[in-house]
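> Below is one structure. I have some questions about it.
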Amino acid sequence: MTAYIYELVYLAIFLYIIAAIVYFLPSKSELKQRIALWLSIGGLLINSLAIIARALLVGRLPLANGAEFMLWFTWFTILAYLFYEIKSKNKGAGGPVNFIGALLLASIPLLMSRQLGDVAPLMPALKSPWLTSHVLTAVIAYGSFAVAAGIAAVQLIKNSTSAEVWTNRIVAVGFAMMTLTIVLGAIWAEQAWGRYWSWDPKETWALITWIIYAIYFHLYYRRDWKGRRANVLLIAGFVLVLFTFLGVSYLLSGLHSYA
Amino acid sequence: MEIVKKIVAFISSMRAGLFLLAAIGITSAIGSYFLPNTFYRSPTFQLLLVLLLINMAFCTSQQLLKTVYRATNGRKAGRPSGVSALRRYGLILLHAGIVFVLIGGAINSFNGHSEKVPIIEGEELEITRVIPEAKPFVLRVNEFKIEFNEDASPSQYISNVSIIEDGKVVRDYSISVNNPLVHEGIKVYQSSFGYLIDVETIVENGSPERKLLQEESIINVQGTDKAVLVYRYIPDFDPARGMQTKSYRPDNPVIIYSIYEKGSLVNVGYAAFGETVEVAENAFVTFHGVKPYTGLIIKRDPGLGVAAVGGIMLMLGACLALMFKTKASEQKD
């Protein structure tokens, strides 16, 4: 299976795109919804196989380089969305979320193709028990923010607020996990670099991301910024998430250069 | 009195807090691009952090007082308890955590000390020379070594050190990446490494001269108008890669050097350890080997405990607030 890791990634991207297209079709039929849902589940299964293939290839939990993170990030985004769709019975956001999933996964062949087949052992700085918790919490945080942004986009277009309570709930999960990511990262940085906070670009942008969601909660609970403005904030937040993950790695240099 | 009240009310208001958070976010975004090394130490940015600390300290203590009041007069006020109370405690913990982290950081910026120190294998460092407030002890680097993976990439950097108090070794420790030494409030981290080059020059009728030199040092060869630039140590030399070492494992160690005559370059070459290079007629240079030095960060952070408590409060608070949030499907809007 490890030999087919690239094919698995391409197949998952393909399934997510098809799922997104089907979700986007104007028909409201039950059959369309079912097909879209199962395409998305199919993508998720292939995505899972790609993670397992990567784990077999490197003989550890694959949570170190950018491509490994991206596999998990997409996987959790789709998983969280499916959970939301089944639980809330709202189906509108399947298109954007699957599309985001496809784009995220497509960044592997586009930006970090070599990393997927890279079997080099971990560098000394990454050999730490904090790696797993720091990265897994980041996966959950980023994935939750992705789903919230997808739902927010649909709400904006439809000019509706029917899913607002759900986005708030999903963002709450993301925010709590982002808090853990940052603090666990700080504990680890204190062990590895001798400083728990260095204003490294990744740290700075993670903090900026955290701040925008903190502002969202305060405005939401004051009932100042509900509806449209809250949704805009959630989309802006996700743009910051993407910049923290991709933009910082490719545009700014710093201590977090593992990709 | 009214004015003081108003000022306090503004400083402790959520509006001011959100404004400060936004200001910190926006300025640090700009700073991360234009002034990545200096911006965060600038007085303007530090002032924003201090204002945030004041705002959050006021705001959090007000919330705490309210909650205590509610808890003591709870029944009379007819307040809901249980789940929503736990969520409230979580949120207070989250805010108080930020206050603690900021205080810890402030203590460190006034009283903390961190410095990177290169120490050659076999040499000793008096810790008070780096951190005057420390309880005195001597740190001796017995050995610096790099462990390698099968593919010759580094798997770990290790400094074996001894702690000496009153002339006696009281403790031996292997400092490695992710595994600092902690002793008497001082932390010592593995941060970098380098090599000094062992060079000998021999000229006819003169006495040989042997020195430990840093990379990129120049030695003048006695009695000639030649000088040698000891440029770089390459642990695993491959002529096809030139200056780029194949790995950090010393599989084919060489020294890259260049020879100058009256200031102009006449030759560039490389020599293995022990190999004799003829610089001029009857004038020779030999590179006997390298001596590693380890780059250690030596740190004292008296605010670390406070910041650590803050970090734990942040994590605990975030989890409590999340777990006891009313479910979306149960929420009424």
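The values are calculated or read from the model by the stated rules, or taken from the named source; none is laboratory data. Bear in mind that the values here come from a model prediction, so they are computed numbers and not experimental data. Please note: Cβ atoms are built from the backbone with ideal geometry, for glycine as well, and neighbour counts cover all protein chains shown.
> Could you tell me whether any residue of region B:262-269 is outside any loop (DSSP other than H, G, I, E, B) and farther than 25 Å from B:Arg241 by Cα?
Yes, region B:262-269 has at least one match.
> I've got another one for you. Give region A:158-172 a look and list any residue that's facing another protein chain (nearest Cβ under 9 Å) and either touching a strand residue (DSSP E or B) at 6+ places or on another chain (Cβ under 7 Å) or surrounded by fewer than 17 Cβ atoms within 10 Å (Cβ to Cβ) (or both), or say none.
A:Thr161
> Could you figure out which of (1) touching a residue at least 24 places away in the same chain (Cβ under 8 Å); (2) exposed (fewer than 13 other Cβ atoms within 10 Å of the Cβ) isn't true of B:Phe193?
(2)
> Still on this structure, please answer the following. Taking region A:182-200 only, how many residues are part of a helix (DSSP H, G or I), at the interface with chain B (Cβ under 7 Å from one of its Cβ atoms) and under 25 Å from the mean Cα position of the chain (by Cα)?
Adding up the residues that qualify gives 3.
> If A:Pro124 satisfies every condition in (1) touching a Ser or Thr at 6+ places or on another chain (Cβ under 7 Å); (2) away from every other protein chain (no Cβ under 14 Å) but one, which is the exception?
(2)
> Next question, about the same structure. Residue by residue through region A:157-181, note down the ones that are within 16 Å of the chain's Cα centre (by Cα) and of a type in the set (Val, Ile, Thr).
A:Thr167, A:Ile170, A:Val171, A:Val173, A:Thr179, A:Thr181
> Condition first: surrounded by fewer than 16 Cβ atoms within 10 Å (Cβ to Cβ) and either within 9 Å of chain B (Cβ to nearest Cβ) or in contact with a strand residue (DSSP E or B) (Cβ under 8 Å, 6 or more places away or on another chain) (or both). Now tell me which residues in region A:219-257 satisfy that.
A:Arg222, A:Leu251, A:Ser253
> Further question on the same structure: Among the residues of region B:219-237, write down those that are within 31 Å of the chain's Cα centre (by Cα) and touching a residue at least 24 places away in the same chain (Cβ under 8 Å).
B:Val230, B:Tyr231, B:Arg232, B:Tyr233, B:Ile234, B:Asp236, B:Phe237
> What strands (runs of 3 or more DSSP E), lying completely within region B:138-217, carry at least 3 residues that are closer than 30 Å to B:Ala272 by Cβ and away from every other protein chain (no Cβ under 14 Å)?
B:138-148, B:186-203, B:209-213
> Every residue in region B:1-32 that is among the small types (Gly, Ala, Ser), free of Cβ contacts under 8 Å to residues at least 24 places away in the same chain and more than 10 Å from chain A (Cβ to nearest Cβ), please.
B:Ala9
> On to the next question. If you go through region B:218-244, how many residues are surrounded by fewer than 18 Cβ atoms within 10 Å (Cβ to Cβ), modelled with pLDDT under 90 and part of a loop (DSSP other than H, G, I, E, B)?
Total meeting the criteria: 10.
> Picking from A:Arg229, A:Arg169, A:Arg223, which residue would you name as being in a helix (DSSP H, G or I) and modelled with pLDDT under 90?
A:Arg229
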